[in-house]
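Worksheet: the structure to be examined is printed underneath.
The values are calculated or read from the model by the stated rules, or taken from the named source; none is laboratory data. Keep in mind that what you see is a predicted model, and the values were worked out from it rather than measured. Positions of Cβ are backbone-derived with ideal geometry, glycine not excepted, and every protein chain shown enters the neighbour counts.
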Amino acid sequence: MPILLFLLLLNQELILNEVPLLMTFIDEHPSGRLCVMYQKQIEAIDEMTTDSQRLYNFDPSKVKISELRAVQHNTKNELLIGYNMSCSVLALQDGMVFNSPETVWNAEPTSIGTD
């Protein structure tokens, strides 16, 4: 059953095929993107055209994602993903996705601050 998501900022509706678990906005395109985490994957959805791009696949029986956050580094848009006892950064550039080396922590991250 499709899920209807109404974006108040854009006064626009998006139809999603699954219930989203986490969402964050990222300004990669002039129109912007909405990054949505589902049960087994993360997608970027263009806010104007509603075209989607799969960014990341994972096995929910092995990976527990605790954080999904858009960050900017040197004017590049990146997506910070916190999971299990690790963090990874997906760099989004010109429609391509680049995965950074994993950072491993000594405890499971529960949230990521921006201060």
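A few points about this structure:
- The range 41-80 - residue that is modelled with pLDDT of 85 or more and in contact with a Phe, Trp or Tyr (Cβ under 7 Å, 6 or more places away or on another chain) and, of those, farthest from Leu92 (Cα to Cα): Gln41
- Residues (of a type outside the set (A, V, I, L, M) and modelled with pLDDT of 70 or more) located in the range 1-25: Glu13, Asn17, Glu18, Pro20, Thr24, Phe25
- Sole exception among (1) hydrophobic (A, V, I, L, M, F, W, C); (2) more than 15 Å from the chain's Cα centre (by Cα); (3) modelled with pLDDT of 80 or more for Trp105, by number: (3)
- Tally of residues being in contact (Cβ under 8 Å) with a residue 40 or more places away in the chain and among the hydrophobic types (A, V, I, L, M, F, W, C) across the range 16-41: 6
- Among residues of the range 31-45, those that are outside any loop (DSSP other than H, G, I, E, B) and surrounded by fewer than 17 Cβ atoms within 10 Å (Cβ to Cβ), counted: 1
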